[in-house]
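Laboratory data are not the source of any read-out in this text; all were calculated from the coordinates shown. For clarity, every value in this text was computed on a predicted model and none was experimentally measured. Note that we place each Cβ from the backbone using ideal geometry, even for glycine, and neighbour counts take in every protein chain shown.
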């Protein structure tokens, strides 16, 4: 894990190897950031968020509680995601 100065990671969060966390970002209770994921600068990752693997979160993003971002999801800068949203990588979901 590469953690930049002035970042905060709650002691209950799980951060896998190979994760990059930008300066000033905060990761709260029980969140799990999987390997290969990149969190930009000044992001807020709420409680119980699952990110990754290989997810890219831009700068200044706010991800509310209970959000799931699955493999290869990419968020650009300044994105807000409300509570309990789920992003998948299924390109042709079944009805």
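Counting only Cα atoms, the size of the stretch 26-95 along its three principal axes is 36, 22, 19 Å, in decreasing order. Fewest neighbouring Cβ atoms within 10 Å first, the residues 9, 33 line up as 9, 33.
Highest mobility in the GNM of the chain, judged by mean-square fluctuation with C-alpha springs under 10 Å and restricted to 44, 73, 57, is found for 73. Computed from the Kirkwood radius of its Cα pairs, the Stokes-Einstein diffusion coefficient for the stretch 1-51 at 25 °C and 0.890 mPa s stands at 239 µm²/s.
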